[in-house]
Amino acid sequence: MTNVAIVTGGSRGIGRAVALKLGKAGYSVVVNYATNAKAADEVVSAITADGGKAVALRGDVGVEADVLNLFAEAAKLGDLRVLMNNAGIMDRQNRLDEMSTERLKRLFDVNILGSFLCAREAVKLMSTKHGGKGGAIVNLSSAASVLGAPGMGVEYAASKGAIDVMTIGLGREVAAEGIRVNAVRPGIIDTEIHDSSGIPGRVKLMRDVIPIKREGTADEVADVMMWLASKQSSYVVGTIVAVAGGRC
Ligand code: NAP
């Protein structure tokens, strides 16, 4: 049976980088995206051109019906063995007293509810308790969950704090059912997510506060995600691995 990997938000940034690596590693890759079908199709083409298998699947992780459809379609392709629980958003750089309720709800829906719904559906397919073959779930935390992101986006930081706690708790909850749940905690990574901050050149402006004095690449995060999904990390459970150039 084919081993399937879902990458939520697999069309751009960190998700794209890890989708390409999963394709090379022989997984049938489900490249999920929210709006940009062209970017998702480009990732699928790159994987298939390299001899791998991939499909693009639209779905907003903050909408339950979309998540259920995503996992139902993935289950038709084979055994789900990996979930890269990656889709996430950031908003404009603001203080909390400048944030609307709508903004808070949307960010929590995508970053928290979306990650929880995807993890829940993955457990249903992977857990030996439910007849699955086991697998790995890799969540996306952020250095913000440790630093708090004051003046920049405490709601984003708090959403990643929820991911940290889910990683620890769910990691322990399903460890005896063949599933390892872990997370990566990226620092400043050069992707388009920073464009939402409204600060032009934000990534370069942050270089001085990073001990290694440079931003990270999506590829550097994806390498650690692949390790967390591999047999090489078989005794790593409920752990959050910082990929932050020393900044957390
Ligand atoms: P990115 O470059 O902005 O890419 C985001 C991806 O997620 C895109 O594929 C996008 O698809 C998808 N997406 C957005 N909202 C979605 C939704 N509601 N449902 C499904 N897919 C959705 O972001 P990134 O920098 O790679 O970030 C990936 C993850 O790493 C996020 O969880 C982020 O919080 C975390 N992270 C990033 C950094 C960093 O510095 N880059 C640092 C720490 C943590 P569309 O194009 O179709 O919208």
**Asked** Expressed in nm to one decimal, what extension gain is obtained for the pair S100 and V236 from 0.36 nm per residue of sequence separation less their Cα-Cα distance?
**Response** 45.1 nm
**Distance between modelled label sites at W227 and N36, nm, 7 Å Cα→Cβ extension** = 2.8 nm
**Message:** Could you compute the net charge surrounding Y33? Neighbours are other residues with a C-beta less than 15 Å from the C-beta of Y33; K and R count +1, D and E count -1.
**Reply:** -2
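Calculate, in nm to one decimal, what V63 and A176 gain on full extension: separation in residues at 0.36 nm each, minus their alpha carbon distance.
Working: separation 113, 0.36 × 113 = 40.68 nm, distance 2.95 nm.
Length gained, V63 through A176: 37.7 nm.
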**Item:** Accessible carbon and sulfur surface of region 118-248 relative to its total accessible area, %, 1.4 Å
**Value:** 57 percent
**Where trypsin sites (Lys or Arg not before Pro) fall in DSSP loop in region 35-121, at most 11 other Cβ within 10 Å** = R95
**Asked** Roughly what angle does helix 13-24 make with the longest principal axis of the chain, taking Cα atoms, 0 to 90 degrees, to the nearest 10?
**Response** 20 degrees
**Message:** I need the shape label for region 107-187. Rule: rounded when a/c is under 1.5, else prolate if a/b > b/c, else oblate, with a, b, c from the alpha carbon gyration tensor.
**Reply:** prolate
**Two-site label geometry, K129 and A75: point separation in nm, points 7 Å out along Cα→Cβ** = 1.7 nm
**Asked** Helix 114-126 versus the longest principal axis of the chain: what angle, 0 to 90°, nearest 10, using Cα atoms?
**Response** 20 degrees
**Message:** So with the 1.4 Å probe, I'd like the accessible area per residue for region 134-248, rounded to whole Å².
**Reply:** 44 Å²
**Asked** Which whole-Hz ³J(HN,Hα) couplings does region 189-206 yield from phi under the Karplus relation 6.51 cos²θ - 1.76 cosθ + 1.60, θ = phi - 60°, glycine and proline marked x?
**Response** 10, 6, 9, 6, 4, 5, 4, 5, 5, x, 10, x, x, 3, 4, 5, 5, 7
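Please compute one quarter of the surface area of the Cα convex hull for region 24-178 and express it in square nanometres. Before the final figure, lay out each step's value.
Details: hull surface 39.4 nm².
Directional mean of the projected Cα hull area for region 24-178 stands at 9.8 nm².
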**Prompt:** Excluding ligands and nucleic acids, what accessible area in Å² is computed for L113 using a 1.4 Å probe, to the nearest 10?
**Reply:** 70 Å²
**Request:** Pop out the ³J(HN,Hα) list for region 43-49 in order, Karplus 6.51 cos²θ - 1.76 cosθ + 1.60 with θ = phi - 60°, rounded to Hz; leave Gly and Pro as x.
**Result:** 5, 4, 4, 5, 5, 5, 5
**Request:** Step through the residues of region 99-107 one at a time and calculate ³J(HN,Hα) from phi using the Karplus curve (6.51 cos²θ - 1.76 cosθ + 1.60, θ = phi - 60°), rounding each to whole Hz and writing x for Gly and Pro.
**Result:** 9, 7, 5, 4, 4, 4, 4, 5, 5
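With n ≥ 4 as the cut-off for DSSP H runs, can you work out [θ] at 222 nm for the chain, using -39500 (n - 2.57) per run divided by the number of residues, rounded to the nearest 500? Numbers along the way, then the final one.
Values: 9 runs with 100 residues, N = 248.
Value at 222 nm, helices only, nearest 500: -12000 deg cm²/dmol.
The values are calculated or read from the model by the stated rules, or taken from the named source; none is laboratory data. Predicted model, so just to flag it, every value in this text is computed and none were measured. Glycine also receives a Cβ, built like all others from the backbone with ideal geometry; neighbour counts cover every protein chain displayed. Note: accessible area is taken over every heavy atom of the protein model, side chains too, but ligands, DNA and RNA are not part of it. Shrake-Rupley method; radii C 1.70, N 1.55, O 1.52, S 1.80 Å.
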